[in-house]
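Single-structure report; data block below.
The values are calculated or read from the model by the stated rules, or taken from the named source; none is laboratory data. Quantities reported herein were computed from a predicted structural model and do not represent experimental measurements. Every residue, glycine among them, receives a Cβ derived from its backbone with ideal geometry; neighbour counts consider all protein chains shown. Areas reflect the complete protein model, heavy atoms only, side chains present, ligands, DNA and RNA absent. Shrake-Rupley method; radii C 1.70, N 1.55, O 1.52, S 1.80 Å.
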Protein chains: 2
Amino acid sequence: MLRLYDFHESGNGYKVRLLLAWLGLPYERVELDILRGETRRPEFLALNPNGRIPLLVLEDGRRLAESNAILFHLAQGTPFWPTSAFEQAEVLQWMFFEQYSHEPYVAVVRFWTFAGQLEAHAAELPERRRRAEAALDVMEGHLAARSYFVGERCSIADVALYAYTHVAHEGGFDLAARPAIRAWLERVASQPGTVAIDAVGPD
Amino acid sequence: MLRLYDFHESGNGYKVRLLLAWLGLPYERVELDILRGETRRPEFLALNPNGRIPLLVLEDGRRLAESNAILFHLAQGTPFWPTSAFEQAEVLQWMFFEQYSHEPYVAVVRFWTFAGQLEAHAAELPERRRRAEAALDVMEGHLAARSYFVGERCSIADVALYAYTHVAHEGGFDLAARPAIRAWLERVASQPGTVAIDAVGPD
């Protein structure tokens with residue numbers, strides 16, 4: 001069976017949980033508390049030297065890190081990975097946008113909020129917030145004339161961007177003035193099999 | 001002809017220039033000075049709303065942003081993209097590692113250095129340097145028993161990681177104690193057709 005090393009509050013972990021649920025694939029979950037440094041212990045570093053969840057272990061023992069690379073692997077041959085070569089590149093474009101221009105701002109501010117670290121990062125916070133708002137603005141502009149990020153169908157680009165955008169309010173971001181994002185969030189959430197980010201708790 | 005919007009000092013731009021050179025593909029370059037805000041002007045934001053180079057425009061006008069998505073597109077059907085589905089996912093794993101755990105530290109410290117912004121970022125600098133060293137350590141550990149990042153052949157994962165690693169010294173990073181990285185840099189540089197990062201200047 002597939003094994004997912006995960007942390008229940010992680011949006012990066014949730015991306016994988018969500019796609020596995022849509023695909024109806026069974027898996028076992030191993031919870032690691034990143035707040036207690038459990039991803040930096042030698043036994044986990046032996047599995048992923050970069051010390052991060054999610055990590056997917058296949059039935060034959062092969063391991064894959066990086067949430068968006070895991071999504072790519074799981075989506076092969078499913079409707080969530082387009083067949084057009086150019087649309088495949090566009091899906092990856094949005095997934096790299098997510099990891100470079102969105103997650104370090106939208107997700108990190110949310111993490112600081114629930115980890116009680118806003119004070120500790122007070123100097124960096126305004127710039128992080130500014131960049132998070134800029135990323136959300138890029139998304140709003142793109143979605144204004146589209147149903148999904150690429151090719152008018154739900155793909156892993158949508159999974160990657162949904163994970164932290166649908167909980168952006170937990171980092172203090174307001175989507176009220178972004179109707180295209182709100183409509184898209186509802187569209188993604190209405191996919192059959194959708195699970196909530198808090199459907200699993202710490203083990 | 002392919003058109004590449006680029007900035008001559010950008011490692012992200014260089015990734016694309018390097019692969020285009022290896023593939024022998026002609027293209028025209030449009031230089032935008034990011035230090036003068038030329039990627040944030042309305043005429044460029046109309047092409048890439050995220051306001052970043054590199055941006056590749058195909059002959060039919062379709063546009064692709066994000067350096068690693070551009071590499072993916074150009075590498076299809078070439079030896080630089082593996083045929084094995086799992087190796088494809090591993091290549092993307094390292095490319096997401098590059099954008100999330102390497103570029104924001106190794107490349108950003110180099111950028112601050114040549115842009116004269118080290119003083120302005122003095123508070124953030126130690127943590128950026130620590131994370132850059134950690135990324136280089138992950139690379140050194142992986143390459144200790146390998147010739148290339150995935151499948152023992154040169155792929156776009158190597159292109160992505162080569163771009164800023166081979167100029168890491170310009171950000172003050174020392175590769176002297178990392179012999180596996182140094183040997184790999186030589187291996188990548190010896191690919192037929194390699195061009196230098198400074199082979200183009202500002203137009």
Share of carbon and sulfur in the accessible heavy-atom surface of the protein assembly as shown [1.4 Å probe, %]: 52
Between segment B:101-117 and segment A:43-97, how many Å separate their Cα centres? 27
For chain A, set up a Gaussian network in which alpha carbons nearer than 10 Å are linked by springs, and say which option among A:Arg41, A:Arg182, A:Arg110 fluctuates the most. A:Arg41
Taking a point 7 Å out from Cα toward Cβ as the label site, list the nm distances between B:Glu127 and the same residue in every other copy, smallest first. 1.0
Taking beta carbons within 10 Å but only from partner chains, what does the mean come to for residues A:97-105? 5
Once normalised by the length of chain B, the mean sequence separation of its alpha carbon contacts under 8 Å that are 6 or more apart gives a contact order in percent of 27
Please identify, among B:Ser84, B:Ser147, B:Ser101, the residue showing maximal mean-square fluctuation in a Gaussian network model of chain B using a 10 angstrom Cα cutoff. B:Ser84
With θ taken as phi - 60° and the coefficients 6.51, -1.76 and 1.60, list the Karplus ³J(HN,Hα) couplings across segment A:182-197 in order, rounded to whole Hz; mark glycine and proline as x. 5, 5, 5, 4, 5, 4, 5, 5, 7, 4, x, x, 4, 10, 7, 4
Which whole-number percent gives the relative contact order of segment A:2-75, counting Cα pairs below 8 Å spaced six or more residues apart? 38
Whole-Hz ³J(HN,Hα) from phi, Karplus 6.51 cos²θ - 1.76 cosθ + 1.60, for segment B:141-152, glycine and proline x: x, 5, 7, 4, 10, 9, 8, 9, 5, 9, x, 6
For B:Asp198 the rounded accessible area (nearest 10 Å², probe 1.4 Å, non-protein molecules ignored) is 120
If R0 = 25 Å, then B:Asp137 and A:Ala85, at their Cβ-Cβ distance, give a FRET efficiency to the nearest 0.05 of 0.10
Calculated [θ] (222 nm, deg cm²/dmol) that DSSP helices of n ≥ 4 give over chain A, each run adding -39,500 (n - 2.57): -12500 deg cm²/dmol
Return the sequence-ordered ³J(HN,Hα) values of segment B:3-20 in whole Hz as given by the Karplus equation 6.51 cos²θ - 1.76 cosθ + 1.60 applied to θ = phi - 60°, using x for Gly and Pro. 10, 10, 7, 8, 9, 4, 8, 7, x, 5, x, 4, 3, 5, 4, 5, 5, 4
Copies compared at A:Gln76 - label distances in nm, ascending, label defined 7 Å from Cα in the Cβ direction: 1.6
On average, how many beta carbons from a partner chain sit within 10 Å of the beta carbon of a residue in B:121-134? 1
Using Cα pairs under 8 angstrom and six or more residues apart, how large is the relative contact order of segment B:43-127, in percent? 12
Heavy-atom SASA rank of A:Thr165, B:Thr194 (probe 1.4 Å, accessible area, largest first): B:Thr194, A:Thr165
Find every distance from the label point of B:Ala177 to the corresponding label point in the other copies (7 Å from Cα along Cα→Cβ) and write them in nm, one decimal, shortest first. 4.9
For A:Arg29, other-chain or 5+-apart residues with amide H closer than 5 Å (H placed, Pro excluded) are A:Leu4
Please compute how much accessible surface disappears when B pairs with A, both sides summed, using a 1.4 Å probe, and round it to the nearest 100 Å². 3000
In what order, largest first, do A:Leu56, B:Leu35 sit by accessible area if the probe radius is 1.4 Å? B:Leu35, A:Leu56
List the residues of segment B:31-60 that lose 20 Å² or more of accessible area once all protein chains are present, compared with their chain alone (1.4 Å probe, heavy atoms only, no ligands or nucleic acids). B:Pro49, B:Asn50, B:Arg52
Once ligands and nucleic acids are excluded and a 1.4 Å probe is used, how much of B:Leu47 is accessible, expressed in Å² to the nearest 10? 50
Per residue accessible area of the protein assembly as shown, 1.4 Å probe, in Å²: 41
